[in-house]
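Below is one structure, written out as structure tokens; the observations come after it.
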Amino acid sequence: MRRLALVVALAAACKPAPATTTTPEKSAAAAPRAVDEELAAVADRLDPGPQPPLHEVLPTWLKGKVEAVLTGDPKSKKVMAEAREAITAWDKVNSQDPAAMLQTTLVFARGLILAERAVTAGSDDPELLAALTKAYRVVHSLRMLQRSALFGQMLHLGVELARKEAQVEARQIEEVVAALGQAVQRAPALHMHATARMLREHPNHPEVPEVLVRASQAKVEAQQYAEGVALRRLAIERKGERATGSDFAALMGVCHSALDPACAEAARKEAEARGPGEPGDDKAAAFKKRLADLDATLAKVRRALELEQATELAAQLERGHLLANLDRLSDAQKIFAALAAAHPNDARPQTGLGVVAMQRDFDFVGVTRHVRAARKMANHDRLYYEVALGTVPPMMLAEAMAELAQTSDVKLTDLDARFDEVLELARGYRAHDPARAALLELLFTLAREAVPKILAKQREAALAVVRKLPDKAMALTRKFPESRDAWRLVFSSSRLAADPRKARLLADAPLPASLQQDPDLRVQQVRAQLDAALMWEDGELLLTAVKSAMSLPAEVDADTAAIIRATVDAIAGREGEKASLQRAIDAFAALAERKTGKDQALALNNAAMAVAFSGDIPAAMSILERAAQADKEDVTAFYNMSALAYRMQAREGLAEVFAKVAGASTIAGIRLNSRAFLVTLADAGQGDVAVTREEFAASLASEEDGEFRGRVPLGRWGVVEQGEFKVSLGYSTALGLIILDEVVPRWWLVVPAPAMDSLLAARAKGTKKGEKPAKGEKPAKP
């Protein structure tokens with residue numbers, strides 16, 4: 001949670017709007033409201049009484065900044081509409097993109113402040129009150145996200161933005177962080193008070209059922225299960241004929257948390273009778289699966305009740321995990337704590353406590369404390385190893401990073417001891433999952449060899465260790481041919497191969513029959529094939545990638561398949577295949593309509609370039625302008641606009657743009673092509689020929705020195721790749737041990753610099769005898 005709340009400061013100061021805080025006053029002429037006695041009684045039961053607005057927790061200096069920009073009538077229709085829309089925008093938050101999530105958070109925070117100011121000034125607008133019940137739920141949920149890696153990235157972006165734009169000092173950051181902690185704690189009471197006002201003042205409003213649903217969710221989280229069931233039932237009653245089978249399925253879930261099988265059975269009967277409420281075979285199939293999952297959960301409820309009086313250790317452990325699975329975390333913790341005290345040398349109760357800590361608030365520190373306490377105990381079962389392997393290595397990395405941040409010394413204390421710990425866990429895991437254990441031992445062993453070299457800045461030695469990974473991963477598939485993890489490692493590590501033939505063999509390695517229709521592995525393989533084809537300019541492998549793209553299993557995510565197919569279509573279309581090009585244009589345009597932020601910018605850029613490949617450069621320019629607006633941090637669209645302007649014989653200002661892009665882009669291929677364009681412009685009289693050629697040569701050498709993949713992708717086929725290596729371990733109470741190992745490429749369509757081929761040829765020709773020329777400098781057409 002550290003650092004986020006600066007977002008609130010930025011949000012509040014984003015743009016001018018409403019007003020000063022006043023005490024709400026009821027109009028003497030106000031007409032008496034209709035009273036719904038049932039809802040009024042619920043309101044009385046829920047209401048903790050009036051609460052200070054959430055933004056009152058802001059530090060004095062920040063509150064002053066907020067008040068300075070919020071002027072005018074806080075109850076104006078325009079301001080209240082803005083507040084409602086800003087809060088509702090959270091429903092569309094892109095949880096995969098930290099930058100986009102930050103922007104949505106900025107909008108949300110501003111909307112929350114505007115809404116609170118309007119209510120404090122006397123507004124009783126029902127839609128605004130309903131929006132506030134949603135907003136307070138979101139704020140309280142931040143307690144669950146504070147240790148999330150994605151959330152951490154978003155917070156880092158927020159702090160950097162605050163430091164850059166607002167020149168916030170470290171002391172002020174600490175004050176805002178403390179304020180956010182208070183806000184999270186106070187949100188539930190504010191939620192209940194806003195709910196109570198809504199029920200009293202607007203009992204007939206159509207938003208009342210959803211307000212009751214949110215109150216039910218809050219009560220279940222607070223372990224007030226009977227109240228949670230009552231509120232969910234009341235929400236259904238208030239919907240009347242509008243209630244669907246999905247509403248009753250949700251009630252069934254609340255009944256499970258309450259350990260009430262009879263309630264769950266009655267809700268299931270009604271859910272099945274009413275159906276999903278939406279037409280279509282896909283909706284019916286999804287609803288059927290949902291009911292099946294709920295039936296499985298109901299079986300757990302019954303089993304937990306059966307074991308209520310059990311005294312045997314195994315039975316009590318089972319009940320503790322069942323209760324944790326049913327979100328009865330306090331009950332589960334009591335059981336595991338009692339068992340840990342009664343059986344101090346048994347690892348299983350400590351493992352249970354770790355599971356509860358993870359499920360309650362992603363507390364990796366707490367989980368690691370429990371599994372490390374159990375290290376020398378007896379009865380290490382599969383769950384112990386999965387929880388430990390999913391938490392100890394990430395914590396070990398966090399500890400190392402914290403240690404490095406506090407000292408300039410590149411040495412880490414107890415490095416061998418740290419690796420001994422995780423390797424011991426991997427070896428113990430062999431008895432439960434030999435294939436995954438072998439993969440983890442491989443990763444930990446190579447890391448143990450490479451880390452000291454990385455810390456000592458011995459780049460070539462470290463890279464040599466890392467480049468052992470593809471062959472060792474391939475060896476794992478021969479030992480464990482049906483290991484999905486091993487095959488994922490083969491495909492992701494294929495980018496490390498420094499030889500084009502090896503890269504092709506790895507990316508095109510045949511999957512065993514049992515895995516040939518695995519959706520995830522097929523996606524990983526075609527991504528590896530296309531990346532290798534672009535990196536090494538391998539036309540044969542490109543054809544293989546095209547075939548793989550066109551035969552992806554139907555279960556592959558629709559957008560993922562569309563991006564892959566549109567990219568290979570665009571490459572073919574650039575070479576004159578009109579039908580392929582039109583498919584690419586249509587696919588990227590459709591993706592742009594569904595995406596936001598960076599993903600939308602990528603889709604718009606690629607749609608524009610496909611249009612440009614068709615010859616309509618003015619239309620492409622218009623789309624590129626939209627791409628630049630969608631992600632103002634990325635400069636690829638500016639590169640392409642400048643490259644297309646060059647094709648249209650424009651020259652003025654291009655040298656300055658390409659120079660800025662070369663310095664600002666995060667993509668090696670864009671940086672190099674920008675430098676190559678500067679050479680082209682210099683040859684035409686706009687720049688110093690010798691200087692621009694020297695700068696290109698220096699840039700290429702620098703990119704090659706810093707590249708850990710087999711080769712720097714040059715973009716000569718009109719595509720540059722921005723890949724993100726995702727390698728991590730984690731534990732989920734739903735999925736168990738998670739081994740994340742994949743590369744998620746972002747393929748950008750671009751205009752290759754016309755001088756790139758001649759610059760590379762001149763470099764190869766000028767290579768001195770005895771030196772090794774860069775690979776792949778002879779262009780190959782796709």
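Every number in this text was worked out from the coordinates using simple rules, so none of it is lab data. This one's a predicted model, so the numbers in the text were calculated from it and none came from an experiment. Cβ: placed from backbone, ideal geometry, glycine included. Neighbour counts: every protein chain shown.
Okay, here's what the table says:
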read-out	value
Cβ-defined net charge surrounding Glu695, 10 Å radius [Lys, Arg +1; Asp, Glu -1]	0
Whole-percent pair-distance distribution, where bins are 20 Å wide, for the alpha carbons of the chain	13, 40, 37, 9, 0
Part-to-part distance (alpha-carbon centres) for region 678-721 and region 173-227, which is given in Å	56 Å
Local electrostatic count at Ala183 - Lys and Arg +1, Asp and Glu -1, tallied over other residues with Cβ under 12 Å	0
Listed peptides 222-231, 247-256, 195-204 by packing density, highest first (mean Cβ within 10 Å)	247-256, 195-204, 222-231
Packing-based exposure ordering (other Cβ within 10 Å, fewest first) of Val208, Val691	Val691, Val208
Residues of type aspartates and glutamates that Lys78 reaches as a straight line, Cα spacing below 16 Å, ignoring anything fewer than 8 places off in the same chain	Glu116, Asp124, Asp125, Glu127
Around Leu759: net Lys/Arg minus Asp/Glu count, Cβ-Cβ under 9 Å	+2
